[in-house]
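The values are calculated or read from the model by the stated rules, or taken from the named source; none is laboratory data. Quantities reported herein were computed from a predicted structural model and do not represent experimental measurements. FYI the Cβ positions are ideal-geometry reconstructions off the backbone, even for glycines, and counts take in every protein chain you see. Side chains are part of the model used for accessible areas, which takes the heavy atoms of the whole protein and leaves out ligands, DNA and RNA. Shrake-Rupley method; radii C 1.70, N 1.55, O 1.52, S 1.80 Å.
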Amino acid sequence: MKILYLETSSKNCSVAISDNEKLLCLCEEVSENYKQSESLHTYVEWALEGAGISLKDIEAVSLGKGPGSYTGLRIGAASAKGFCYGLKVPLVAVNSLESIIEPFLGDNYDFIAPLVDARRMEVYTAVYDGKTGEELSKTEAKILDETSFEEFKDKKVLFVGDGAKKAKEILNLPDAVFKEDVYPSAQYLIRKTLEKIRNKEFEDMAYFEPFYLKDFHGVKKKKSEE
């Protein structure tokens, strides 16, 4: 089964294609300017070319559904739905935090906490079993302070993601490991996607919305003075 993966929830615009669990091609770039709108469809074309297949060969689309960048998630969701409608294939959605922890499972950590940078001292986070990847606490928006995650003081815990830098500066956890330059990547959606396909956990495209977690707050323009 050939599957197209889109992950646009962060600064990493990421596209992958797999044949079942085998990764055929990955195209991605981390950009401070959030290049999803201009790069996503180009990366899809490159990934298809690299995989040696055409778009009509795709049998399912998987999306990193967030939480993360509001605009990035909207672009990814709109593109995923467009591909699914056009190809008449199912849509699978995976929590983007799970793609952050995937490469570190089994690395001898008791717990892994992905940290996606939100505004100020806030992060999007959850806690997972470091060996199995089982979700131990649900995804939430958390404001960090000196007492955050103190229950892990005597545990082997990995904090990973672009929110790990500010966490390292404030958390009182000297034995914790922090990995900062890690973003959700489409290649790490594969295992969870195949699990959802086996269980027939497909999204209803008419009602599917990305996992924004919080309402969008745009910048209000000031009224010009008369």
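In the chain, the longest principal axis of the Cα atoms and the axis of helix 36-51 are about 60 degrees apart. Accessible surface for the chain, divided over its residues, is 53 Å² per residue with a 1.4 Å probe.
Take each of the peptides 69-77, 50-58, 153-161, 8-16, average the number of other beta-carbon atoms within 10 Å over its residues, and list them starting from the highest. Don't jump to the answer; show the numbers that get you there.
On the way: 69-77: 22.1, 50-58: 14.4, 153-161: 19.3, 8-16: 28.0.
Most protected by this proxy first, the peptides run 8-16, 69-77, 153-161, 50-58.
Computed from Cα atoms, the angle from the helix 70-87 axis to the main principal axis of the chain rounds to 30 degrees. Spin-label model, residue 88 to residue 214: label points 7 Å out along the Cα-to-beta-carbon direction sit 4.3 nm apart.
Calculate the translational D of the stretch 105-226 in whole µm² s⁻¹ from Stokes-Einstein, where the hydrodynamic radius comes from the Kirkwood formula applied to all Cα pairs, the temperature is 25 °C and the viscosity 0.890 mPa s.
148
Counting only DSSP beta bridges with both residues in the stretch 1-137, the antiparallel share comes to about 70 percent. For the chain, the share of alpha carbon pairs falling in successive 10 Å distance bins from zero is 8, 33, 33, 18, 6, 1, 0 percent. Each DSSP beta bridge with both residues in the stretch 93-226 is either parallel or antiparallel, and the antiparallel ones are about 60%. Each Cα pair of the stretch 1-69 feeds into the Kirkwood radius, which the Stokes-Einstein equation turns, at 37 °C and 0.692 mPa s, into a diffusion coefficient of 273 µm²/s.
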